[in-house]
Amino acid sequence: MNYARTALLMAAMTGLFLALGWVFGGQQGMLMAFAFALAMNFFSYWFSDKLVLRMYGAREIGEGDAPQFYATVRQLAQRAQLPMPKVYLMENDQPNAFATGRNPAHAAVAATTGLLRMLSAEEVAAVMAHELAHVKNRDSLTMTITATLAGAIGMIANFGMMFGGSRDNNGRPNAVSMIVGLAASILAPLVAMLVQMAISRSREYEADRIGAEICGNPQWLASALEKISRGAQAIPNNDAEANPASAHLFIINPLSGGARDSLFSTHPSTENRIAQLMAMTRSVGTGFVQPARRRGPWG
């Protein structure tokens, strides 16, 4: 199902590229946009995960860098019957996390340093279980490609504004400039609409449910969501603010909530997610067993 959704997303984005190419450069612009779209579709499928990780300054870590954190991810992956993903850390005070990768064999999970500082070991385990649920459901493919293609559309708009902003001899905007300005004014809501169409809010509820089953305790994830939500409201994530079309990747919306940010709101309410998790508490069995701690909570 997610592969079909990804194919439809790529086709829709390609059509939008062609339309923008026609607006900015006529037939020649459309041909250039088509070539760019083909290249972007290829790149986004094979390399979008690396681009997103680089966008957030994530660095890959090994067991020697954060033994307990790495061991927790490994144990969770075993419980979820998934290959061991690559593990990344982002130097960011806001507590948050996301998963990326085109399939479980090429997956990565990334957490901020703020997440490891502010949450307990059990809560971090629950967050990583949620992210592995996205990997298991193959949500991460659609989520990552959406972020990459939406960013590319924004780049085309900036390109058009740069080369379409000329004026006539009287200093008034010419027809091309006016068309470009109109296109740019509707572009952000259009991209946001495509993101919201591609990224169903129900995927977060499903990842919460499966994540709670993987870690074995829905209360851990409920507590983690509450803490992350408070942290995201109090601590800005400048990388996410600069790339709002990628906000859907995170377990909790990392944006501060301004008018522009609200366009890219793809997360269900935290209160509803917590309520559903608390309703699960009697149905989940054995809890997740934490690895032995070494030199502090994540040493």
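The values are calculated or read from the model by the stated rules, or taken from the named source; none is laboratory data. What you are looking at is a predicted structure, and each value in this text was computed from that prediction instead of being measured. Cβ sites come from the backbone with ideal geometry, for glycine too, and all protein chains shown count toward neighbours.
Please work out if Ala33 is closer than 20 Å to Gly15 by Cα, aliphatic (A, V, I, L, M) and in contact (Cβ under 8 Å) with a residue 60 or more places away in the chain. Spelling it out, Ala33 is indeed closer than 20 Å to Gly15 by Cα, aliphatic (A, V, I, L, M) and in contact (Cβ under 8 Å) with a residue 60 or more places away in the chain. When Gly258, Gly164 are screened for being at negative phi, modelled with pLDDT under 60 and under 21 Å from the mean Cα position of the chain (by Cα), only Gly258 passes. For region 109-126, a tally of residues being within 17 Å of Asp239 (Cβ to Cβ), surrounded by fewer than 24 Cβ atoms within 10 Å (Cβ to Cβ) and free of Cβ contacts under 8 Å to residues at least 60 places away in the same chain returns 1.
Residues are listed down the side, and each one gets a yes or a no for (1) in contact (Cβ under 8 Å) with a residue 12 or more places away in the chain; (2) touching a strand residue (DSSP E or B) at 6+ places or on another chain (Cβ under 8 Å); (3) not hydrophobic (A, V, I, L, M, F, W, C):
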residue: Gly64; (1), (2), (3): no, no, yes
residue: Ala80; (1), (2), (3): yes, no, no
residue: Val87; (1), (2), (3): yes, yes, no
residue: Asn96; (1), (2), (3): yes, yes, yes
residue: Thr100; (1), (2), (3): yes, yes, yes
residue: Ala107; (1), (2), (3): yes, yes, no
residue: Glu131; (1), (2), (3): yes, yes, yes
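Can you tell me which residues in region 108-136 are in contact with a helix residue (DSSP H, G or I) (Cβ under 8 Å, 6 or more places away or on another chain), part of a helix (DSSP H, G or I) and under 23 Å from Gly57 (Cβ atoms)? Matches in region 108-136: Gly114, Leu115, Leu116, Met118, Val124, Val127, Met128, His130, Glu131, Leu132, His134, Val135.
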